[in-house]
Each structure stands twice: as structure tokens, then as C-alpha cells.
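Structure record follows, encoded as C-alpha cells.
The values are calculated or read from the model by the stated rules, or taken from the named source; none is laboratory data. Given the structure is predicted, the values throughout are model-derived calculations rather than measurements. Cβ placement follows ideal geometry from the backbone for every residue including glycine, while neighbour counts extend to all protein chains displayed. Note: accessible area is taken over every heavy atom of the protein model, side chains too, but ligands, DNA and RNA are not part of it. Shrake-Rupley method; radii C 1.70, N 1.55, O 1.52, S 1.80 Å.
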Amino acid sequence: MDKIKQLFWIFLFSFLGEIVSLVIPFAVPGSVLGMILLFLALHFNVIKIEQVETVGTWLTDNMAIFFIPAGVALMTNFGLLGSIWLQLLLVMIISTAAMIAFVGIVVQFIMKRSEKKEAKNTKQSSPSQFQVKEGMSNG
Amino acid sequence: MVDHIVANPFFGIVLSVSLYLIGAALHKRWRIALFTPLVFAIIVIILLLLVAQIPFETYDEGGQFISLWITPATVALAIKLEKNFSHLKKNVTAILAGIGLGVLFHTVLIILLSIVFQFNEQLAATLLPKSVTTAIAIGVSESLGGIVSLTVAVVVFTGVIGTIVGPPIFKLFKINDPVAQGIAMGSGSHAMGTTKAIEMGDVQGAMSGLAILLTGIAVVIIAPFGLMVIQALF
């Protein structure tokens, strides 16, 4: 019964997200809005994390399988891709790889720089603070 | 007779789940990108349907029940986000700057590549929203005058590419921070990239889920300016 209760909360927020998506004038998907709403509910203790954790974690950890039909739907576009498929494929591979590399490098660079600054500022007070944090981020 | 069997919803469901499991088993033995369960299942199912001349719509009688779970799974990412909120709070500047600059960079890159490959205005508009989650991409493509059905295909393919190229890119450029990895996966290849990020770790998964949202917002804001550049150039 506990798992049904957990499913209920997740379904409810999925539905709420879809409803909000219909009401607001921007093209934001219901799934993303549902995620924001559930996050707010968890963050402000409207719902406790244990009330959704088991089922929710199971869903996210096995998320890949849910995308199979969306991927298979690619076959309906083979006709549209026609003669330009090779150019399109190249553009997609280049731009996706470049985007992932660029964002990763920028985020890591800024994080390291601000950590160094912080380390300088807190050097006198607590020099061991960073060891603790590094260990946590691997979890 | 055969038509009736394949039209049963369980045909698509059993086909999808079984090939996902076969992919997982193969991937355990040989860790190559082709055997990533999702990629393997998509490729084999497309080939099977084409060979057996079964239309996608027939497969989707069952497939739709699998797709339905994308929404609750995305909603449930909120749990990872809440558990890893400290990472977001601490690195908010790095995350926002990375995604904002990343979307700008991606927009410029798509325009340049469209010029190199001599795409027209419509095709460039179709490609601009390719790194965001499908529902947002459809809205953006439509408002820019792109080909919506092609945008959907491009978004899905981008997701597949992201799950394949992500890990080797992190190795190549020594991007080893879990927050940076997660943000990069989510902003470059949306929810499909997030599935790979979740495999890498909890922090990566949470940050990737967050990046889907932030990248979506950034693209909605930046894309119209991209269109203005496209209209001026093409």
C-alpha cells in the first residue's frame, strides 16, 4: 500500500504539471512544471521525501527504458531526412559534442576559480573544510 | 492473424522490454556505446519493424504505455534535486553561467554549421532548439518557423548522441566534477542525456535534471535572437 501512496503523489504532481502547462501562456512541458512543483513541495516540507522516495528513485534510475518508443519513432521521419541525412547527422554530432564539452569546461572552470577564492578567504579560520566537501561530492 | 498479434499492446511492450534487457546483458559484457540498452533497443526494434513491415503506429499501440512513464519519471527527478540542493546553491553562478554561455555558443554553432552545409532558413530554425526537451523544442521550433516533426526527430537523435559521446568527452577534457558533468549532460542532450547522468551518479543525475529545465528557459529566451541572425544571413 505504501508504494501505491508514493505512486499517487508522483501521478498527482504529473497531473498538476500538465494542468499548469495548459494554463500558462509559455511552451513549458507539464513534466518539467511537475518537477518544479514537486521540488517546491519537498523543499518546503509539504511532502516528506520518504513519502515519494522509493518509487521516485526507482522511476528515475530506470528512466532510459521509457524513451525507447520515442527513439523508435525516428523511423517515421526517414522519408523527411531524405538526401540531407548525412549533413544533418554531422551537424548533430558536432554540435552536441561541442555543447557538452563547452558547458562542462565552463562550469568546472568557474567552480574551481570560486573555490580557490573561497579557500583564500577561509584559509585562516578552517583549512580542512574542503577535504570534507570533496568527499561528499563523490556520493 | 499476425496482424492481430502485433496490434496487441503487449507486442510493443514485450518487444521493448526484452530488447532493453538483452542490451543491458550485452552492455555488461562489452561496454561499447552500441550496447547501451536504450540505443540497442531503438536500433534493433527499428530494424525488426522495417524488415517485418510493421508500421510504427502498430508498435506504438503498446509503446505509448511505456512513453507515458516519461512524465512521472521526470517529475520524480525533483527528489534527486531536493537531495542535492546544496550543490545547486553552492555553485549557482557556475551553473547559470555555464548554461547561459552554452546555449549562446550552441546557437552560434548551429548558425555557422547551417552556413557551411548550405541549409536554408527553415532547416536552421528546425535545428536551433535541438538540445532541449521535446515539449519545449516543439514550441520553439514552431515559433521560429521550423519543421516541427523533424525537430522532434532531431531532439531524440541528439539525446542518443549525447548518451554516447558524453562519457568519452569528460575523459578527454578532464571534466571530472560531478556537478559539471551533470549540467553538461542535461544541457547538451536533455532527458535522454539525464538517463546516462543518473548512471554516473546521484549528483550528476540531479544536476542534469536541473539543467533540462534551465536550458529550456535559456533557449526560449535566446532562440528569437538566433532567428533574427538567421533571417539577416540567409
Only one of these is more than 8 Å from chain B (Cβ to nearest Cβ) and either touching a Cys at 6+ places or on another chain (Cβ under 6 Å) or not charged (D, E, K, R) (or both): A:V72, A:V46. Name it.
A:V46
So which of A:S114, A:S14 ends up being surrounded by 15 or more Cβ atoms within 10 Å (Cβ to Cβ), facing another protein chain (nearest Cβ under 9 Å) and free of Cβ contacts under 8 Å to residues at least 40 places away in the same chain?
A:S14
For region B:121-128, check the following and say yes or no: at least one residue is of a type in the set (A, V, I, L, M, F, W, C), open to solvent by 60 Å² or more (accessible area, probe 1.4 Å) and either modelled with pLDDT of 85 or more or not assigned by TED's automatic domain parsing to the domain that holds B:I183 (or both).
no
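Let's see how each residue does on (1) more than 7 Å from every other protein chain (Cβ to nearest Cβ); (2) not in a helix (DSSP H, G or I):
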position: B:F10; (1), (2): yes, no
position: B:R31; (1), (2): yes, yes
position: B:I46; (1), (2): no, no
position: B:I54; (1), (2): yes, yes
position: B:E57; (1), (2): yes, no
position: B:D60; (1), (2): no, no
position: B:A94; (1), (2): no, no
position: B:A97; (1), (2): no, no
Could you tell me how many of the residues in region B:141-157 are touching a residue at least 60 places away in the same chain (Cβ under 8 Å) and open to solvent by less than 10 Å² (accessible area, probe 1.4 Å)?
0
Does region B:201-210 contain at least one residue that is farther than 20 Å from B:I111 by Cα, free of Cβ contacts under 8 Å to residues at least 60 places away in the same chain and open to solvent by less than 10 Å² (accessible area, probe 1.4 Å)?
yes
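Residues checked against (1) farther than 20 Å from A:T60 by Cα; (2) in a helix (DSSP H, G or I); (3) under 17 Å from the mean Cα position of the chain (by Cα):
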| residue | (1), (2), (3) |
| --- | --- |
| B:V165 | yes, yes, yes |
| B:K171 | yes, yes, no |
| B:I175 | yes, no, no |
| B:G182 | no, yes, yes |
When you go through B:V75, B:V116 one by one, which is the residue that is modelled with pLDDT of 85 or more, out of contact with any Pro (no Cβ under 8 Å at 6 or more places or on another chain), on the phi < 0 side of the Ramachandran plot and more than 7 Å from chain A (Cβ to nearest Cβ)?
B:V116
Among the residues in region B:73-84, are any assigned by TED's automatic domain parsing to the domain that holds B:I198, under 22 Å from B:H190 (Cβ atoms), surrounded by fewer than 22 Cβ atoms within 10 Å (Cβ to Cβ) and over 19 Å from the mean Cα position of the chain (by Cα)?
yes
